[in-house]
Amino acid sequence: MSDKFGFINYNNARKHISISVPSATEVMSPHIKSVEDLRVLGINLSSFGTFAQFFICVTGVFVFYLVYGYLQELIFSMEGFKPFGWYLTLVQFGFYSLFGLVELQLTQDKRRRIPGKTYMIIAFLTVGTMGLSNTSLGYLNYPTQVIFKCCKLIPVMVGGVFIQGKRYNVADVSAAICMSLGLVWFTLADSKIAPNFDLTGVILISLALCADAAIGNVQEKAMKLHNGSNSEMVLYSYSIGFVYIFVGLISVGGLGPAVAFCSQHPLKTYGYAFLFSLTGYFGISFVLALIKLFGALVAVTVTTGRKAMTVVLSFMFFAKPFTFQYVWGGLLVVFGIFLNVYSKNRDKMKLPSLADIRKLVLSRKRGRLLSQNV
């Protein structure tokens, strides 16, 4: 089946990964090997074909992150909670660390493979991505935030060029532009309902995008070089990030008011935060699997498509006016996804040329004429 859908190149490419020779001060990880035992939430994906792996990861990302987005908007819709975005991120990082520890204990190999210095960088970028994104919801409405976040395909590609030395073809660049423009067009219609632009929120979400542009590429490079597991990546990056946020909140005096507010509404704050963190943890596990198997660009392409589905589902649960802007934006997103898949499978997906199309049209016309003469 993988041959049919054009994914066989991924499987061949990831069986042999290039490993750079460490310097005198570094020790090569004894676990560097082919990616043969990738597990997500205890499920060994290596027993499935490449297309099945891709389908499982995409399904996991869509299901869990759609619930994640709904709960995120639900939490910030609570009266008085908007100033405590960083505290929500602290609680979220705490739950992620706990979930990662439990999952790591269930695996046979519990040793850390990726260096601690790398995790400190990843944790800093993760704090910037999630913390600034959560905090921006205190200044921007949810559709406006999505407008900015949907544009991260392009900075991820730029990060891939500078961090990993990648080169992208015209189809990849066109896919990123089409998906970004499509989602912007799609969500702009929604933002007209309750526009709430604020310069502080714009700055926060822009900084989150800068961190997001780097984190996927850094994770991909670290996981390929040291063959780190998903649970290890989650545990160490989010536990170190928890310390960063905790120290920051104490320094600015933001911990006390947040704790006092949440203690008055424990079910709506900590209860929703637990479900919010649980679905987010499941979602990030599938995202990391996508990064490890298919690269950062494919992973971000999938998550960007998920954002479009989030807006679509909002019409199913909430009454909103409809315009054809949603249709044109959705078509642009679909076309961007097609360009991205086509760029990865050109050998298997040969599009007809203009000459072929012209010959096909002429042959059909001849067929009609012959049938009429008969």
>> Among (1) surrounded by 11 or more Cβ atoms within 10 Å (Cβ to Cβ); (2) at pLDDT below 80; (3) more than 30 Å from ALA273 (Cβ to Cβ), there is one condition VAL27 misses while meeting the rest; what is its number?
In response: (1)
>> Suppose we filter SER231, SER285 for residues that are more than 22 Å from LEU132 (Cβ to Cβ), surrounded by 22 or more Cβ atoms within 10 Å (Cβ to Cβ) and over 13 Å from the mean Cα position of the chain (by Cα); which single one remains?
In response: SER231
> Can we say ILE75 is of a type in the set (Val, Ile, Thr), more than 20 Å from the chain's Cα centre (by Cα) and in a loop (DSSP other than H, G, I, E, B)?
Replying inline: no
> So which of PHE99, PHE76 ends up being crowded, with 16+ Cβ neighbours inside 10 Å and in contact with a Phe, Trp or Tyr (Cβ under 7 Å, 6 or more places away or on another chain)?
Replying inline: PHE99
> How many of the residues in the range 45-85 are under 30 Å from ALA260 (Cβ atoms) and small (Gly, Ala, Ser)?
Replying inline: 4
> Could we say that LEU267 is surrounded by fewer than 20 Cβ atoms within 10 Å (Cβ to Cβ) and in a helix (DSSP H, G or I) here?
Replying inline: yes
>> Would you confirm, using the coordinates I've provided, whether PHE246 is modelled with pLDDT under 70 and farther than 26 Å from SER47 by Cβ?
In response: no
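The values are calculated or read from the model by the stated rules, or taken from the named source; none is laboratory data. As the structure is a prediction and not an experimental result, all values here were calculated from the model. Glycine gets a Cβ as well: all are built from the backbone with ideal geometry, and neighbour counts include every protein chain shown.
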